[in-house]
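Have a look at the structure below before the remarks.
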Amino acid sequence: MSPELKSLYREHLAVLADRADAALARGELDHLVIPAGVLKYQLFDDRDYPFAVNPQFKAWLPVTQAPGSWLVYTPGHKPRLIFLQPRDYWHVVPEAPSGYWVEHFDIDIIRTPAEATALLPNSNARCAVLGDADSAIWPMVPNNPAPVIQYLEFHRAYKTAYEIEMMREATRMAVRAHRAAERAFRAGSSEFGIHLSYCQAARQDVVDLPYRNIVALNEHAAVLHYTGLDTLPPKPSRSFLIDAGASFNGYASDITRTYAMEEGPFADLIQAMDQVQRSLCGKVRAGTDYRALHLDAHLAIAQVLRDFDLIHVDPEVAVETGVSNAFFPHGLGHGIGLQVHDVAGFAESDQGGTRARPEGHPYLRLTRDLAPGMVVTIEPGLYFIDMLLEELKDRGLGPSVNWDTVAAFRPYGGIRIEDDVVCTDNDPLNLTRTVWEAQ
C-alpha cells in the first residue's frame, strides 16, 4: 500500500473523529457505537439475504463483510473494533483485520456475537448507537439520536481526499466493465449476456455491485429502472442503455451510457445529449444551488427536443407547461459515496430541516448548495415513455409534441448519460470522464 494512501487514510480518520466529537457533544453523549449489522433471513426460510454493511460503520474502515462486528469511538481515545470471526466450516470466515488501517484501531477478535457484550459500554445511557433494531446485542440497542445522525449525515456529503481516491478506484473498475458491456452489445449479445460481460470485467458478482445493473436494449431503455435482463437479443438490436457501477472498499461509482447500433438520427440525438451533459458537469461549482442545475437541465433538454423537431413550442414554454417533464421525468442526479444515493440530500443544515424540491419536480434527490468535497451525479435523460406522453394529451398539451417524430424515436427507448463529479474550490473534477479518457 502506498505511503500516500496511508497518509490519506490517517487524515480521513482524523476528520471522522472531529465530526464524531462534535456530534456527540451536540447530543450530550460520551460514546459512538456502530454495529456493522447482522445477516437477515428470508421469511419462513433458512436462506440469508446478501449482507449489507451499515454505512456508518464502513465510513470508518474498509471492512464490508464482517456481520456481527462493532465499532466504538470515545473522544480522546483510539477507536475500537470488535471483530467477529466465528468458528464456521459452512461459510467463508472473514479474514483477520490487516492492512494500512489496522494500526489506528484497538482490535478485539471475538468468536461469537454474544462475546461483544463484555467489550461494549455498559449501557445505552451515554451512547449514540447507530444501526437498526436487528443489529442489537443487549445492552446496545440502537437509539439513533437525531442530533448525532443529522450532524454526521450532513457532513458526510463533504468527502475527504481518501474517499475521493476510493471512488476513483471504483470508477476505474466500472469504466473497464462499461467498455466490455459496449463490446458485447455491438457483438449482438442479449441483455443477460451483456450483464454477465459487465460483471466479469468489473470482477464483481451481483451482490458486490453497489446496485442492480440496468441493461436495457431498444424500448426497454424507456423504463427508468429496467432490470428485466432478457436472455435472448432483440431483432434488430437498435440501442443500448447501461446504468451500472462498481464498489471499492465500501464506496460506489455510478455511470450511465447510451449507444446506438448504427449511425443516424438516434446516434445524433445521443451526441446532442452528451453535449448537454458535459455542459452541466462543468457547472458543478461551489455555491451553486443544485436545484438550479436541475432546472438548467430541463431548459437544455427542451432545446434538444426543439432542435430535433420533437416539440413545436419554444424551450421556455416546454419547461413552464411541463412538456419537458414528460421527456425528462427524473432528477438531474444525487449525492454519491458510501451509498449510491447518499444521505442528507435535502438537509437544510447539520441541525436538521429540509430544502424543498422545485415545484413540479418531485423526483429530484438533491436540493443542497454545492460545496468543495461534494460528489454528485449529473445524469440528464430523454425518454419516449408512452404513459407520460399520453398524459400530455390528457392535459391538452398534445399540440406541443410532434407525434410523428416521437413515433420514429420510440423504438429506441431513450437516452441517459451519467458521470460522477467532484465539486472543488476551482474547476470541477469529473471522475468518470477522467478515468474513461485514461483507459
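Bear in mind that the values in this text are calculations on the coordinates, not laboratory data. Quick caveat, the model's predicted, so the values are computed rather than measured. Using ideal geometry, Cβ is built from the backbone for each residue, glycine included, and neighbour counts are taken over all protein chains shown.
Kindly put ILE415, ILE242 in sequence by how many other C-beta atoms sit within 10 Å of each C-beta, fewest to most.
In increasing order of surrounding Cβ atoms, one gets ILE242, ILE415.
Quick one: go through region 43-81 and flag any residue whose amide nitrogen is under 17 Å from the point 7 Å out along the Cα-to-Cβ line of ARG126.
72-80
By DSSP, what percent of the beta bridges with both residues in region 50-190 are antiparallel, rounded to the nearest 5?
Here the share of antiparallel DSSP bridges comes out near 45 percent.
Going by average Cβ neighbours within 10 Å, how do the peptides 42-55, 10-23 rank, with the highest at the top?
10-23, 42-55
Mind jotting down the distance between the C-alpha centroids of region 306-367 and region 209-267, whole Å?
Here the two parts' Cα centres lie 21 Å apart.
Give the label of the value calculated from the structure for Cα Rg over 2.2 N^0.38 Å, choosing from (i) 0.95; (ii) 1.06; (iii) 1.01.
Read-out taken from this structure: (ii).
Of SER349, SER253, SER2, how do they rank once you tally other Cβ atoms within 10 Å and put the fewest first? Show your work: numbers first, answer last.
On the way: SER349 12, SER253 32, SER2 9.
Going from least to most buried by this count: SER2, SER349, SER253.
Show me the ranking of peptides 83-91, 275-283 by mean Cβ neighbours inside 10 Å, starting with the highest.
275-283, 83-91
What FRET efficiency do you get for THR112 and ALA52 if R0 is 25 Å and r is their Cβ-Cβ distance, rounded to the nearest 0.05?
Given R0 = 25 Å and the Cβ-Cβ separation, E is 0.70.
How much length is gained on full extension from THR227 to SER349, taking 0.36 nm per residue of separation minus their Cα-Cα distance?
Between THR227 and SER349, full extension yields 40.4 nm more.
Residue separation times 0.36 nm, minus the C-alpha to C-alpha distance between ASP289 and ALA96: what's the value? Could the numbers behind the result be given before it?
Numbers: separation 193, 0.36 × 193 = 69.48 nm, distance 4.47 nm.
Using 0.36 nm per residue and subtracting the Cα-Cα distance, I get 65.0 nm.
Pairs on different chains or at least eight residues apart, Cα atoms closer than 28 Å: how many lysine pairs in the chain fit?
Number of lysine pairs found: 8.
If you restrict to DSSP beta bridges whose two residues both lie in the chain, what percentage is antiparallel, to the nearest 5?
Antiparallel bridges: around 80 percent, rounded to the nearest 5.
Looking at region 353-388, which chymotrypsin sites (Phe, Trp or Tyr not before Pro) are DSSP coil and have at most 16 other C-beta atoms within 10 Å of their C-beta?
Of the chymotrypsin sites (Phe, Trp or Tyr not before Pro), the ones in loops of region 353-388 whose Cβ has at most 16 other Cβ atoms within 10 Å are TYR363.
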